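Here the structure is laid out as structure tokens; the discussion comes afterwards.
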Protein chains: 2
Amino acid sequence: MPESKETYDAVIIGAGPVGLLLAVCLARWGYKIKNVDNREIPTLTGRADGIQPRSLHLLRNMGLKRQIMAHEPAKVYEVAFWDPLPGGKGIHRTGNWASCPKFIDARYPFTTLLHQGLIERVFINDLHKNGADVQRPWTITGFNNDGHDEHYPVEVTLKHVQTNERETVRTKYLFSGEGARSFIRDQLGVKIRHKDPISHVWGVMDGIVRTDFPDVKTKCTIHSDHGSIMIIPRENDMVRLYIQIASSTDKDFNPRKRATLEEVQASAKMILQPYYIDWDRVEWYSVYPIGQGIAEKYTIDHRVFLGGDCCHTHSPKAGQGMNTAFHDALNLAWKIHLVEGGFAKRSILHTYETERKSIAEDLLNFDAKYAALFSRRKPSAGEVGAANESKEAGEVNEFVEVFKSSAEFTSGYGIAYGPNQFNWSPDHSAQSHLFNPKGNALRTGRIMPPANVTRVVDANKVQLEQEIPLNGSFRIFLFAGVPSTTQRAVADFAANLEKQSSFYSSFQRKDIAAVSYHERHNPHSRFFTICTTFAAPRAQLEIAKLLPPILARYSDHVYADDVWDPRFPDAKAAAHAKMGLDVGMGGVVVVRPDGHVACVISLVEGGGTVDALNEYFGAFVAKKIGKSKMQAHL
Amino acid sequence: MPESKETYDAVIIGAGPVGLLLAVCLARWGYKIKNVDNREIPTLTGRADGIQPRSLHLLRNMGLKRQIMAHEPAKVYEVAFWDPLPGGKGIHRTGNWASCPKFIDARYPFTTLLHQGLIERVFINDLHKNGADVQRPWTITGFNNDGHDEHYPVEVTLKHVQTNERETVRTKYLFSGEGARSFIRDQLGVKIRHKDPISHVWGVMDGIVRTDFPDVKTKCTIHSDHGSIMIIPRENDMVRLYIQIASSTDKDFNPRKRATLEEVQASAKMILQPYYIDWDRVEWYSVYPIGQGIAEKYTIDHRVFLGGDCCHTHSPKAGQGMNTAFHDALNLAWKIHLVEGGFAKRSILHTYETERKSIAEDLLNFDAKYAALFSRRKPSAGEVGAANESKEAGEVNEFVEVFKSSAEFTSGYGIAYGPNQFNWSPDHSAQSHLFNPKGNALRTGRIMPPANVTRVVDANKVQLEQEIPLNGSFRIFLFAGVPSTTQRAVADFAANLEKQSSFYSSFQRKDIAAVSYHERHNPHSRFFTICTTFAAPRAQLEIAKLLPPILARYSDHVYADDVWDPRFPDAKAAAHAKMGLDVGMGGVVVVRPDGHVACVISLVEGGGTVDALNEYFGAFVAKKIGKSKMQAHL
């Protein structure tokens, strides 16, 4: 007798950062998910712990930053570089570098260090709020995209790790967030390509120490005559040490080389000389070889997807693992939502692999350079002698230079998706001459920069880029310039949105008549939210007089660009200035649901601006919109 | 048979804001408290909801701000003034004013609006963390400072409100946070003095509304031909309306006048014309007369104390009630701690009444002016005719002017305690010529202004005034100027602290040998914490080289004054500049445990600076310190 099979929108294997973030997004947006994990409880010790500036920005956008910060994580603002003193006299500091230098326009210019288990629990609590949970300890035993059910084409079999109880379910999507050893990836036959021929064995240790080493609460990379260490501060007075145990450049390299805790502690004491270090307590200790690799495919059928460590493994030193995982999950989440919400063509799912694999390639290139530099055994001061000091300084420079040039990438703000249907370029199918107006400072595929503005209805000073929560919607930022100048263009913009053929009209909510009076973000459609920002002081802005009803409906998203910004000290409208939009003209910035800039369009009188938006969205939406639709009606 | 009586450090009657804040402080600092409340559960609806900027600063210092903000409270940045249009044509906006204008140097320049019950729960959760709780529903039935037990002189009898179960306990202190109707105050025979002869009857209503009134999410005071309303936004799309129902200036005034919800809603609709307003839901509605009054005494025997609404009642319009309560409790908490911790003479408890009653007097003076202006029935536009518009404008000005001039007071940053043993003045017993150095910008008795600095050990950008949590300790801020110039003075400062006669040596912890290596704030004494701020970039500061061990022990409290401040754009060391301290000289700022400036002393070579500190503390500590002690040893 065939058992009745439960159906899901997504079955997510693994409840680490990548699986949890995907589960949280989909559960919040109303999808039915099953998230299983083969561990009995969330991570207790060790593992990833670095939240980069852009990731914190994302967590804020998800409303989870406050809960992360409630754990009082360590914050890393600077990295210190230490190198050997000549004559075997120990180590000295040779430089400092901001972990998120000022040239990066970040809201949170620091790395947040917190135990992965605490981060996981923040996500799990959020799942609970949406009636979801992680099913533990369960694992996957098989799956098949057999298409027997057109709506739920993938069958997945699961079992309880201890009792062997089995469950078979059907799902629209299956996701592997299983980590480096992925059953799903193996079953798909997806190969891991190893980029970096050099490999290393590292020890990692979390603990509470006593030391007179002055930078123990800062991130440090330390080279000494006795080896190399990386120090990373943690919450609750803890410190993480990464210590190199072996390198494939060693004559007698053995990737299975191990070291006891005591050996690594003895080694750390040697490296840190002339400073002392003692341990009150060691919370976690592990030894592992660095296996840099990248999955050749992130999906085969666009139903079964891979993400996180399952797709890319690399050294932990730049604190990128969890962050890359977050963004894998985010990227897939909103694309699944666009398809399953009925907004976009199924073919957009192809962009998950193209976008995220290219970032993983960038990451591994960075990591290879960084890890190689870090791991390279330096000639000891005794060997090279004081005379060689200048040569040594040259090497230090190479290391520091790699670090500096990589700061934008490691902060997360350097992530740039290439041109495709989402990220406008001159090759995009939308060819209106209004795209990419002269002077605009935005780069499609990159994060929209932060901007402070005043919300008109309540005079609150707010962060414009954070005003729309991560709700899966496109964000249409109408920079409306000086009201008296753009009045006509704004009126025309609204009138053209209302045309039957527009993206606006085509994707109205079916339940639009029942939408709450108090709905702030999606009164008309879950496909987009509209924000209007005027280049005028708040006191001069009357929403009902300035905006047609269709735009005034987003009254909680109307802003005055009247907050002074130290990066644009002379601008009267700093947000407009930051975007490179003229206050006499304004402009429209479309931002993807994940915060990356999609396209920038001139704001003009007449129908051109909305036509361009229709063209842009027309490249990937599931309905015919814009002129072609109008013509079809004729 | 006499029952054995449980003993407490403090019995606190009432678990509203004043009782809870006192309970939280004392419980955190290790005291045994009993907090009883006659309600079965915390406040469910209504009551106070305005957290002023200085109070939010305090909650941050207690580590509770994040939990308050997790409820997404409304934030009020501006107050809008609305007045009648001539010719009976409804109302129009006549002005806006920042609720915490820029001339006030506040970290959080807004008022936070949140339901009192949610605020109470934040405190109650904190009590739980320290093993304490609120005992409900219990009430006090009697008390007697009979001195039968020299350590626990006050006997208190309590009963369960429903079962009449009784309990008799003994305590060092009894506190009434019972609110306006206080059993303890009545038993003590303390009279309420009514300052303002004018009284008013007000209706207050919390609810969710629909309206096209554009300022419904801002704080507004509205005068119309049909009466007056105050609008206050709340969390979760709620709005609070205060509507005047009667005034003693009315011919037929009846302080018992009531109005139904429907009457008040009808009245609101009239007042807001030409705008509409409808209610989705009313959460709370109440009518009450404003009874402005002040208790003539806050204590009689310095064992039984009164605070909060029990001591001062006034109109709710400026959102001061809960804030004044917080500061009553805070003021008493640290003074009890100084006495019971063995640091200060019992006589300091006298300053609770002198300090807090003077603030209550200020509050009532402000409130009388504000409420009278607000309540005064304005001649209707129809009555006075368009010709009188200019006269009307004059009246508006008076209202706005009172509001503006009071902004510093209502923000909490205007609170200024007068000279006494804690707040140095030329009349203080400490007469060193080093007090109050020329140029210093601080005013004793007022809050230390905020300043951004870089913490040396971890390069974190931090808020200097928040760096020491509310732990009951005095805060000694050593502004050490330019290291090369002050090197000798800093060394002398440390050497003189170490002298046996100093306040430093006199109040060392008994458990000093067992103090954790990781203790950041009180490694030497619970009486004080020492912070050192240098006028130099962080990269130039090596704690071990610059500071003698006694100061270096506070390594988490060593800062670089290297953060640019828009209020001092040209200063190289903005924190020094803000305090008015010369970077070539430095200075010592002593801040009371509650954040108010106690005294400012020049930093000089030799023993003078520590001598002055000994003199200052000598005015109220429980031991002989400084020269007199040294002489006693001779």
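None of the figures in this text is laboratory data; all of them are computed from the coordinates on show. Please read all numbers here as calculations on a predicted model, not as lab measurements. Note that we place each Cβ from the backbone using ideal geometry, even for glycine, and neighbour counts take in every protein chain shown.
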Of all trypsin sites (Lys or Arg not before Pro) in region B:398-447, the ones in DSSP coil with at most 11 other Cβ atoms within 10 Å are B:LYS438
Expressed as a whole number, the average count of other chain Cβ atoms within 10 Å around the Cβ atoms of B:455-466 is 4
For region A:75-179, which GluC sites (Glu not before Pro) are both in a DSSP coil and crowded by at most 12 other Cβ atoms within 10 Å?
A:GLU150, A:GLU165
Give the distance, in whole Å, between the Cα centre of region A:128-197 and the Cα centre of region A:501-580.
41
The pairs in B:LYS89/B:LYS251; A:LYS461/B:LYS219; B:LYS32/B:LYS335; B:LYS219/B:LYS269; A:LYS172/A:LYS195; A:LYS102/B:LYS102 lying past 24 Å Cα-Cα in this model are B:LYS89/B:LYS251; A:LYS172/A:LYS195; A:LYS102/B:LYS102
Spin-label zone in region A:468-508 - amide nitrogen under 16 Å from a point set 7 Å from the Cα of A:HIS433 along the C-beta vector
none
Would you work out which of B:CYS100, A:GLY46, B:MET238 lies farthest towards the positive end of the dipole of the protein assembly as shown? Charges go on Cβ: Lys and Arg +1, Asp and Glu -1.
B:CYS100
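From the square roots a ≥ b ≥ c of the eigenvalues of the alpha-carbon gyration tensor of the protein assembly as shown, which class results: rounded (a/c under 1.5), prolate (a/b over b/c), or oblate? Let's see the in-between values first.
Values: a/c = 1.68, a/b = 1.13, b/c = 1.48.
Oblate is the answer for the protein assembly as shown, as a/c is 1.5 or above yet b/c matches or exceeds a/b.
Going through region A:243-308, which GluC sites (Glu not before Pro) have at most 15 other Cβ atoms within 10 Å and a DSSP loop state? Intermediate results must be reported in sequence, preceding the final value.
Details: sites: A:GLU262, A:GLU263, A:GLU283, A:GLU296; in loops: A:GLU296.
Passing both the DSSP loop test and the Cβ count: A:GLU296.
Can you classify region A:1-92 as rounded, prolate or oblate using the Cα gyration tensor, where a ≥ b ≥ c are the square roots of its eigenvalues, rounded means a/c under 1.5, and otherwise it's prolate if a/b beats b/c and oblate if not? Walk me through the intermediate numbers first.
Working: a/c = 3.94, a/b = 2.28, b/c = 1.73.
Cα axes put region A:1-92 in the prolate bin.
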Helix B:608-618 against the longest principal axis of chain B: what's the angle in degrees, Cα atoms only, rounded to the nearest 10?
60
Summed side-chain charge close to B:ARG54 - residues other than B:ARG54 whose Cβ falls under 13 Å, Lys, Arg +1, Asp, Glu -1
0
Two pseudo-spin positions, 7 Å from Cα along C-beta at B:ASP252 and at B:ASP570, lie apart in nanometres by 6.6
Taking the Cα centre of chain B as the origin, how large is its charge dipole in debye, to the nearest 20, when only Lys and Arg (+1) and Asp and Glu (-1) carry charge on their Cβ atoms?
880
Compare the Cα positions of A:PHE183, A:PRO419, A:TRP29 along the charge dipole of the protein assembly as shown (+1 at Cβ of Lys, Arg; -1 at Cβ of Asp, Glu; about the Cα centre) and return the one farthest towards the positive end.
A:PRO419
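Where a ≥ b ≥ c are the square roots of the eigenvalues of the C-alpha gyration tensor, would you call chain B rounded, which needs a/c under 1.5, or, failing that, prolate if a/b is larger than b/c, or oblate?
Numbers: a/c = 2.16, a/b = 1.42, b/c = 1.52.
Note, shape of chain B comes out oblate.
Over region A:452-633, what relative contact order in percent results from Cα pairs under 8 Å that are six or more residues apart?
Values: 339 pairs, mean separation 57.3, N = 182.
Here the relative contact order equals 31 percent.
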For region B:452-633, with +1 on Lys and Arg beta carbons and -1 on Asp and Glu, the positive-most of B:THR609, B:VAL583, B:LEU547 along the dipole
B:THR609
May I ask for the angle, rounded to the nearest 10°, between helix B:17-28 and the longest principal axis of chain B, with both axes built from Cα atoms and the value confined to 0 to 90°?
20
Against the longest alpha carbon principal axis of chain B, how many degrees, from 0 to 90 and to the nearest 10, is the axis of helix B:261-272 turned?
90
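Of all DSSP beta bridges located in the protein assembly as shown, what percent are antiparallel, nearest 5? Walk me through the intermediate numbers first.
Numbers: 156 of 216 bridges.
Just about 70 percent of them are antiparallel.
Considering only DSSP beta bridges whose two residues both sit in region B:452-633, what percent are antiparallel, to the nearest 5? Working shown, then result.
Numbers: 14 of 24 bridges.
Percent antiparallel among DSSP bridges in region B:452-633 is about 60.
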Given the DSSP H assignment, sum -39500 (n - 2.57) over each helix run of at least 4 residues in chain B and divide by its residue total; what's the result at 222 nm in deg cm²/dmol, nearest 500?
-8500 deg cm²/dmol
As straight-line cross-link partners of A:LYS159, the qualifying lysines (C-alpha separation under 16 Å, not fewer than 8 residues apart within one chain) are A:LYS5, A:LYS34
